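Structure first, then comments.
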Amino acid sequence: MIGKIGLVGMLAFFTPAAPCFTVAENTVLVEYVRNENISLVENLGKWNKETLTDLIKKSKHYPDLGERLLFISDSFADIPYKPNTLGGGPDKKESLTVDLTGMDCFTSVEYFLAMANANDFNDFLNVLRKIRYVDDGKTVSWYTRNHFSVDWIKQNSEFASDITTRFDYDFNTRTLNILEAKGIPAKKVILNYIPKEKIPDMKAELKTGDIVFFAKNQAGLDVGHVGILKISDNSVFLRHHSSDKGRMVDEDLQGYISRIRSFYGIIIARPE
């Protein structure tokens, strides 16, 4: 598992497969959204536009966005882990991709968050575009995709607020250069994070639906994994698409981060 938003799966998210996205038999490739020259690659699997709209409308019974996020994710429990579904690259035309036949840790969070903030299928596409790309998704391209989590969190404050600094946090400087060879300039960022040893002291303040990014001690990256929280019987679980398990699973948050030595802390964005 790897990547701080944009897409390292997040390196699944970050590093596209060598070939461009292959259009499956049941995939629709269309010019998308009124007169905008944006292509859509959609592979809905067992879903269709009507059933997804129905799910989105049913989710509105949960006024709390975090609870709504968890409700939506319940419907994708059987969807396998699949990396590199976005494809793309510096020399390829980028399409807005919706692949519900398989997800990595990052694409699943994007889909669930977009559905939680949408009114129907078409609105879901518009929200997803805003979430995945800078400047409200006006341009869909490799260069405008939110490749790093620091960028994703900043760009998506409309949908989820960074609450990391509300807790006993620390910070460091990271050089993000893993995509430099693919045309994304290297940059230095200040990364606020909650040290993993502090997590037990803050459990009571966490909420269902909080989006948790795992700060990873790997050169060139900020984050190595992402998931959403599920609070049940005073226990805190991480719901995430796991490459190890091959599907979406719920795991004890503290147990998960403790066993991944390269994860040194978490960043929290709360849907609000």
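The values are calculated or read from the model by the stated rules, or taken from the named source; none is laboratory data. For clarity, every value in this text was computed on a predicted model and none was experimentally measured. Note that each Cβ is placed from the backbone with ideal geometry, even for glycine, and that neighbours are counted across all protein chains shown.
Computed values, structure above
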item	result
D250 farther than 29 Å from K187 by Cβ, in contact (Cβ under 8 Å) with a residue 12 or more places away in the chain, surrounded by fewer than 24 Cβ atoms within 10 Å (Cβ to Cβ) and in the same structural domain as L179 (by TED's automatic domain parsing)	yes
Single condition K245 does not satisfy, out of (1) more than 30 Å from K92 (Cβ to Cβ); (2) buried (at least 19 other Cβ atoms within 10 Å of the Cβ)	(2)
Residue match in the range 112-126 (condition: within 13 Å of L86 (Cα to Cα) and out of contact with any Pro (no Cβ under 7 Å at 6 or more places or on another chain))	no
Residue match in the range 227-242 (condition: out of contact with any Gly (no Cβ under 9 Å at 6 or more places or on another chain) and in a helix (DSSP H, G or I))	no
Single residue of the range 191-202 satisfying the filter (aliphatic (A, V, I, L, M) and more than 17 Å from A219 (Cβ to Cβ)) that is surrounded by the fewest Cβ atoms within 10 Å (Cβ to Cβ)	M202
Filter result (in a strand (DSSP E or B) and hydrophobic (A, V, I, L, M, F, W, C)) within the range 243-269	M248, V249, F263, I266, I267, I268, A269
Strands (runs of 3 or more DSSP E) within the range 159-217 that include 3 or more residues among the aliphatic types (A, V, I, L, M) and at pLDDT below 95	none
Cβ-Cβ under 8 Å pairs, at least 6 apart or on other chains, the range 60-73 side without any contact (Cβ under 8 Å) to a residue 60 or more places away in the chain, far side among the hydroxyl-bearing types (S, T, Y) and surrounded by fewer than 20 Cβ atoms within 10 Å (Cβ to Cβ)	F71/Y62
Boolean, W152 is over 30 Å from K58 (Cα atoms), of a type in the set (F, W, Y) and surrounded by 19 or more Cβ atoms within 10 Å (Cβ to Cβ)	no
Every residue from the range 72-86 that is farther than 14 Å from K46 by Cβ and among the hydroxyl-bearing types (S, T, Y)	S73, Y81, T85
So R129, is it modelled with pLDDT of 95 or more and assigned to a helix (DSSP H, G or I)	yes
Test: N119 is assigned to a loop (DSSP other than H, G, I, E, B), touching a residue at least 12 places away in the same chain (Cβ under 8 Å), more than 22 Å from L238 (Cβ to Cβ) and out of contact with any Ser or Thr (no Cβ under 8 Å at 6 or more places or on another chain)	yes
Some residue of the range 211-228 being out of contact with any strand residue (DSSP E or B) (no Cβ under 9 Å at 6 or more places or on another chain), free of Cβ contacts under 8 Å to residues at least 60 places away in the same chain and within 21 Å of R174 (Cα to Cα)	no
Every residue from the range 203-219 that is surrounded by 16 or more Cβ atoms within 10 Å (Cβ to Cβ) and either not aromatic (F, W, Y) or not assigned by TED's automatic domain parsing to the domain that holds S262 (or both)	L206, K207, T208, G209, D210, I211, V212, A215, K216, Q218
Failed criterion for L86 (all others in (1) of a type outside the set (S, T, Y); (2) assigned to a helix (DSSP H, G or I); (3) crowded, with 22+ Cβ neighbours inside 10 Å hold)	(2)
Complete set of residues in the range 181-198 that are more than 21 Å from the chain's Cα centre (by Cα) and of a type in the set (A, V, I, L, M)	A181, A186
